[in-house]
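Working notes, beginning with the structure itself.
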Amino acid sequence: MKITVEIDCTPEEARRAMGLPDLTPVHDQYLAMLREAMDGQFRPEAMETMMRQWAPMGEAGMAFWRRMIDSAGKSTG
């Protein structure tokens with residue numbers, strides 16, 4: 001026997017139905033900090049520390065972020 005159930009809901013409704021937290025404020029803050037970093041108002045060292053704390057990706061991942069931040073700093077300078 002095979003039963004198929006189709007639920008039509010938005011991602012927000014699905015998140016609430018599953019009891020998952022709303023991470024919109026965290027996401028908005030993260031994007032604001034990235035924008036500040038790209039505008040040169042945020043020290044690259046602080047950005048690296050933040051990335052290490054939020055997303056432990058190993059050295060290869062940190063090298064990627066370091067290159068991205070360095071190239072962003074060179075393009076605005």
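What the table below lists for this structure:
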| item | result |
| --- | --- |
| Estimated FRET transfer efficiency when R0 is 25 angstrom, pair residue 64-residue 22 (beta carbons, to 0.05) | 0.30 |
| Estimated FRET transfer efficiency when R0 is 35 angstrom, pair residue 50-residue 3 (beta carbons, to 0.05) | 0.15 |
| Protection proxy ranking, peptides 9-19, 28-38, average beta carbon neighbours within 10 Å, highest first | 28-38, 9-19 |
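Values in this text are rule-based calculations from the coordinates and carry no lab data. The structure displayed is predicted, hence computed values, not measured ones. Here the Cβ is made from the backbone with ideal geometry for all residues, glycine too, and neighbour counts use every protein chain on show.
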